[in-house]
Amino acid sequence: MPLRRRSRWWWLGPLASIIIFSASLVVLWHIVREMDPAAITRTFYQTSWRQIGLALGFSALSYLLLTGYDALALKRLGLSIPYRTTALASFTSYSVSFTLGFPLVTGGTVRYWIYSAKGVRASEVASLTVIAGLTFWLGLGAILCACLFYATDSVATLARTSPLVVQGVGAAVALGTLFYLVWVATDERNLRLSGWNLPLPGLGITLAQMALGACEVCAAAAVLFVLLPGGHNLDYPAFLAAYIFACLIGIASHAPGGAGVFEATMLLALNRLPYEQVVGALVLFRIIYYLLPFILALVLLALSEMIKRIKRHDI
């Protein structure tokens, strides 16, 4: 089979990622250099235990919902895997990929390491990873559309644009989502890439993906929302829209976990709040939603490997 020639425009994607990441670092630097380090430190001490508890609770809820991503994908692929295995694979793969980046490589590797012990083939793990990713994008689109229409004026104020622009973006997202729903509802659809054929979920599972993904995105955003200082008078739907756009720009930058890019975007969106307090909340968000689950995932992976070796009488 002859090798497919690389497109002459292949460099545009990496170039765009570099530009987004570099521009975000410049914005972040200009904001951070004007800050008072002592004020950031005070933000940590002023964060209540109630806020920390709520953030931990929403973080746990988000990762619990993420296990549903894998469960729906396994259902579509016709694979019967115990939930404890699904939960371990989902939690560890997302925790690792959120922190290290390159989710198809890092998350896919962790998933294969766990699922292969249950007889799941590499091609099936690849299909599972794609379907799980589709759940995220469907949920993201659904909740973004709802926020843009429900909180049009608040989002327009945050984005410093007109309500018509906000509604236009919402309409475009809604039309794209509706087109996909009609597309998968009218026939059995397949995704074909370089000889690889992936049967896409039908309308029933797709609607479940959309609902699950929307709930998970809301839970993840709530982790940061509850860590913001009190009295900010922010509408949650407007904040949620800003959070989603920050996630999208972070994903486009290909930086691990959107590091730097996500923070710069949120600081620009929340410029009505004291920067020091927002930075403090963002740092706590990184610790609670990224660092702690990452450490726990490494511990669980080590324990899982130890148990495997004990069962094989290797140690």
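Every number in this text was worked out from the coordinates using simple rules, so none of it is lab data. What you are looking at is a predicted structure, and each value in this text was computed from that prediction instead of being measured. Every residue, glycine as well, gets a Cβ built from its backbone with ideal geometry; the counts of neighbours run over all protein chains shown.
With the cut-off at 1.5 for a/c, could you classify segment 49-310 from its C-alpha gyration tensor as rounded, prolate or oblate? Before the final figure, lay out each step's value.
On the way: a/c = 2.24, a/b = 1.27, b/c = 1.77.
Oblate, since a/c reaches 1.5 and b/c is not below a/b.
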Once you order the gyration tensor axes a ≥ b ≥ c over the Cα atoms, which shape class does segment 48-199 get: rounded for a/c under 1.5, otherwise prolate or oblate by comparing a/b with b/c? oblate
Tell me the net charge near Leu100. Cut-off is 15 Å between Cβ atoms, Leu100 excluded, with +1 for each Lys or Arg and -1 for each Asp or Glu. +2
Among Leu227, Leu207, Leu193, whose mean-square fluctuation peaks in a Gaussian network model of the chain (Cα, cutoff 10 Å)? Leu193
Rank Leu61, Leu273, Leu164 by mean-square fluctuation in a GNM of the chain with C-alpha springs under 10 angstrom and give only the top-ranked residue. Leu164
Taking H as built 1.01 Å from N, whose amide H comes closer than 5 Å to the amide H of Leu191, not counting residues under 5 places away? Leu198, Leu200
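Let me check I've understood the local charge: for Arg84, count other residues with C-beta under 13 angstrom from its C-beta, Lys and Arg +1, Asp and Glu -1. What total comes out?
Values: positive: Lys118; negative: Asp70.
Surrounding charge for Arg84 is 0.
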